[in-house]
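The values are calculated or read from the model by the stated rules, or taken from the named source; none is laboratory data. Nothing here was measured: the structure is a model prediction, and the numbers come from that model. When we count neighbours, we look across all protein chains shown, and the Cβ atoms used for this are built from the backbone with ideal geometry, even at glycine.
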Amino acid sequence: MPINRPLTNRPLANRPLTNRQWKLAQRPVGEISPTDLEFSEAPVPELAKGEVLIRNIYLSLDPTNRIWMSDMDQYMPPVEIGDVMRGGTLGVVEESRFKGLSPGDVVIPGLGNWQDYVIVPGEQANKVPTEFGIPLPAFMSAVGMTGATAYFGLMDIGKIKPGETVVITAAAGAVGSIAGQIAKIKGARVIGIAGTDEKCKWLTEELGFDGAINYKTEDLLPRLGELCPDGIDVDFENVGGATLDAILTLINNNARIALCGLISSYNATEPVPGPYMFQNILMHRAHVEGFIILDYLDRMPEALMALGTWVLEGRIKYKVDIQQGLENAPTALKRLFTGENTGKLLVQVSEEPEA
């Protein structure tokens, strides 16, 4: 059984340290089951020259976690059976043998793991600019990889122009909610698709979307037609399936579809048919491009500068759904697939350092 240990800021003492870890025990079939991941403990090894020891503070939970657990053809090697589960993390340096980082520095170590501590080469850890007063969870959401995904999907692939109609699917999620606000900043008319009335209200009343559709209670295609009377110019796609088909029915000539995710099919146990309205890509000469944020790592400063500025100016708002305790990570991950979360889903592994 998982050990429910309280969060602590206690300095590291004598080694070996105990490092709690979630390891992939078997590949999920359909939805993730309790036996797919195994909770275990291991000692933390000594640092080699040039390495840093990072205590994880926040763990990012994302739909791609489900992809990494599978052995499907994907953009990165899958997590192997018996390996510690992969995940984005933000943490604080506890020990350093790298002259560019010191204990107390808050860093993002590239891709981390579902565990208390991670050891990485010092040059791999990116220091978080805490001096601007931006809350640390923002660097895992609006001013992090999440926000950058929205930024490049809309700016590079969507190529949005003022006055165009943009549709965002999974619009109350981590990426979708930021994408919609960027589209508004750029002068577009934005319609969001979400799964509850509460989420739709948040999109329109707080984030400034021009309209929102609850796909669970409204007839999606007719409602899209009402809210997009002049058709759809850009689709920021996170869902796929029937939702994408409805959008393809209404696309304009030269529409752009930024294919960010297909969460509706990640737990499928049978082959998933392609879009039934695929023909409209031809008929309307649409541009469809799938993208992964890792393709844009060399341009991250561009995105993070713009996103950080918009957050500080109050032009981008964000929500974080923070679940407590590393031991609860698998249960928390399910919130992405049931629609329970709004905004960015994180697990708090340990306490933030004192200011």
Exercise. Given the conditions (1) within 14 Å of Ile191 (Cβ to Cβ); (2) over 25 Å from the mean Cα position of the chain (by Cα); (3) assigned to a loop (DSSP other than H, G, I, E, B), report the number of the one that Phe209 does not fulfil.
Key: (2)
Practice problem: Test Ser40 against the criterion of being small (Gly, Ala, Ser), out of contact with any His (no Cβ under 9 Å at 6 or more places or on another chain) and within 27 Å of Met145 (Cα to Cα), and give yes or no. | Solution: no
Quiz item: Could you say which residue among Gly231, Gly192, Gly225, Gly187 is touching a strand residue (DSSP E or B) at 6+ places or on another chain (Cβ under 8 Å), surrounded by fewer than 19 Cβ atoms within 10 Å (Cβ to Cβ), more than 17 Å from Leu336 (Cα to Cα) and of a type in the set (Gly, Ala, Ser)?
Solution: Gly231
Exercise. Identify all residues within segment 76-103 that are in contact with a Leu (Cβ under 7 Å, 6 or more places away or on another chain) and more than 15 Å from Leu24 (Cα to Cα); write none if there are none.
Key: Gly88, Thr89, Leu90, Val93, Glu94, Glu95, Arg97
Exercise. Among the numbered conditions (1) modelled with pLDDT under 95; (2) more than 30 Å from Gly261 (Cα to Cα); (3) not in a loop (DSSP other than H, G, I, E, B), tell me where Ile67 comes up short.
Key: (2)
Exercise. Return yes or no: is Ile185 within 15 Å of Val311 (Cβ to Cβ), assigned by TED's automatic domain parsing to the domain that holds Phe209 and either in contact (Cβ under 8 Å) with a residue 60 or more places away in the chain or within 18 Å of the chain's Cα centre (by Cα) (or both)?
Key: yes
Quiz prompt | Matching residues in segment 158-204 - criterion: being charged (D, E, K, R) and not in a loop (DSSP other than H, G, I, E, B) | solution = Lys184, Arg189, Asp197, Glu198, Lys199, Lys201
Self-check item: Out of Pro135, Pro103, sole residue that is more than 20 Å from Pro63 (Cβ to Cβ), within 18 Å of the chain's Cα centre (by Cα) and outside the structural domain of Val288 (by TED's automatic domain parsing)
Solution: Pro135
Quiz item: Can you tell which of Phe98, Phe152 is in contact with a strand residue (DSSP E or B) (Cβ under 6 Å, 6 or more places away or on another chain) and either in contact (Cβ under 8 Å) with a residue 40 or more places away in the chain or assigned to a helix (DSSP H, G or I) (or both)?
Solution: Phe98
Quiz item: Is there any pair linking a residue in segment 219-242 that is without any contact (Cβ under 8 Å) to a residue 12 or more places away in the chain to one that is buried (at least 19 other Cβ atoms within 10 Å of the Cβ), with Cβ under 8 Å and at least six apart or on different chains, and which?
Solution: Arg223/Ile213
Exercise. Those residues that are under 19 Å from Ala170 (Cβ atoms) and surrounded by fewer than 16 Cβ atoms within 10 Å (Cβ to Cβ), I need them from segment 268-291; list them, please.
Key: Ala268, Val272, Glu289, Gly290
Exercise. Test Glu206 against the criterion of being among the acidic types (Asp, Glu) and under 28 Å from Leu333 (Cβ atoms), and give yes or no.
Key: yes
Practice problem: Output the residue which, of all residues in segment 105-119 that are modelled with pLDDT of 95 or more and outside any strand (DSSP E or B), is surrounded by the most Cβ atoms within 10 Å (Cβ to Cβ). | Solution: Trp114
Practice problem: Scan segment 157-181 and report the pairs whose first residue is within 20 Å of Ser264 (Cα to Cα) and whose second residue is of a type in the set (Asp, Glu), with Cβ atoms within less than 6 Å and a gap of 6+ or a chain change. | Solution: Val167/Asp235; Thr169/Glu237
Self-check item: Those residues of segment 62-100 which are closer than 20 Å to Leu297 by Cβ, among the aliphatic types (A, V, I, L, M) and over 22 Å from the mean Cα position of the chain (by Cα), in sequence order
Solution: none
Self-check item: The lone exception for Ile54 - which of (1) in a strand (DSSP E or B); (2) under 20 Å from the mean Cα position of the chain (by Cα) it fails
Solution: (2)
Self-check item: helices (runs of 4 or more DSSP H) enclosed by segment 243-355 - at least 3 residues per element that are more than 22 Å from Leu220 (Cα to Cα) and touching a residue at least 24 places away in the same chain (Cβ under 8 Å)
Solution: 300-312, 329-333
Self-check item: Pairs where the first residue, in segment 63-86, is at positive phi and the second is assigned to a loop (DSSP other than H, G, I, E, B) and surrounded by 12 or more Cβ atoms within 10 Å (Cβ to Cβ), C-beta under 9 Å, 6+ apart
Solution: Gly82/Ala25
Exercise. Return yes when Thr130 is touching a residue at least 40 places away in the same chain (Cβ under 8 Å) and either of a type outside the set (Asp, Glu) or surrounded by fewer than 24 Cβ atoms within 10 Å (Cβ to Cβ) (or both) and no when it is not.
Key: no
